[in-house]
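Heads up: the structure comes next, in structure tokens.
Every number in this text was worked out from the coordinates using simple rules, so none of it is lab data. Because the structure is a prediction, the values reported are computed rather than measured.
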Amino acid sequence: MSHPVFTKKRLLVFLLHWLAWIVLFSLTYLPTYFTSVKIVWSFVAYKYLLVGTLDFLLFYFVAFYLLPQIGTKNRRWILFVVACVLLAIGYTYFKYLVEQLRLTVLLARPNGPSIGSRMMELADITSKRSFTFFKSNADRTIVGTIAIITLGFAYRLLLAWYMQEKVRQELENKKLQAELSFLKMQVNPHFLFNALNNIYSLAVMEKSAKTGNSIMKLSELMRYVLYEKEDEANKVSLDKEIRHINSFIDLEKLRHVHDIYINFSIEGDTAGKRIVPLLLFPLIENACKHGILTDADKPVEISLNATGSMLSFTCENYINTYQKDKNGGIGLVNVQKRLELLYGSQYPLTTQNDGQKFIVSLQLPL
């Protein structure tokens, strides 16, 4: 059942190629059209429709049959060149026969020309297949024939290169999506592990109210991670990402007995803006993990500024020198890798560390 559809599709493509060829070929007649006193439409139809169609068939044969069937690998180059030479000679002879037939029909018409140059053409025709007439005709058509064969060859190579490039890009996109998915899978269990440790600590201290609130906040965070849908550009609403960050900050406040100091400032218009999800979150989590949260004079400072089509993000924290866990975790490495995959080197992550304060900055398109 699929074969007729396939045949119709190929026929449609063939007709579109033919129409484009005739239109482009006819454009070469425009200078003659604007300078001639009288237009002989029968000659135009012959030259630019019939002959143009024959040239198109030669081009199509070379591009879509000869080259794919013979190929150009290894010793087949020689076979292809020989085939092209024979094809050029055969097609030139065929056009000679078509031209001879046209002149025969033209001179046989009652009102056809019978004197002057037409009589000379009639003399040539009556000589039937004479070598002189064939050579004269071949000299006029062989260059164009070779040009058409070369064009068909170049078009096929260009088409093959385009298809290979398209396949290569599709494979790269699939690889990119796979790597991004893997990196997001790293973010989620890493965060879940830390959050569960925090809730366990609350349960051990028998702070049941805080434990319940912590579980609720964790549920909100995991719901965002698991169910928030991304668009075709792998982005989500910036407002939802901000709510996700606020939920994490609330969870951090719940797990501490004493007050903690995290300042989160938002400037600019965030409505309708979109951002790659979970890209800023590891940076904030890293600042809370390695920063001094309980000192009012040394708070974690998080600033987000949406200006036009750009988002400026900065996160600062004083380094906690008494922290037992000195490992940086996967946060920074993960974000850097995702930035490379998504934007290349266009939007790098910059960090500053003077031994007392750690600052991370990032600018992203919205």
Checklist line | segment 242-312: C-alpha gyration tensor shape, a/c 1.5 cut-off, then a/b vs b/c | finding: prolate
Check: Once phi is turned into ³J(HN,Hα) by the Karplus curve 6.51 cos²θ - 1.76 cosθ + 1.60 with θ = phi - 60°, what whole-Hz value does each residue of segment 275-282 show in order, with x for glycine and proline?
Finding: 8, 5, x, 6, 8, 8, 4, x
Note to self: From the alpha carbon gyration tensor of segment 238-366, can you work out the equivalent ellipsoid semi-axes (sqrt of 5 times each eigenvalue) and give them in Å, largest to smallest?
What the structure shows: 24, 18, 13
Note to self: Quick check on my link table: of LYS217/LYS273; LYS240/LYS289; LYS38/LYS95; LYS273/LYS337; LYS217/LYS289; LYS253/LYS289, which ones sit more than 21 Å apart, alpha carbon to alpha carbon?
What the structure shows: LYS217/LYS273; LYS240/LYS289; LYS38/LYS95; LYS273/LYS337
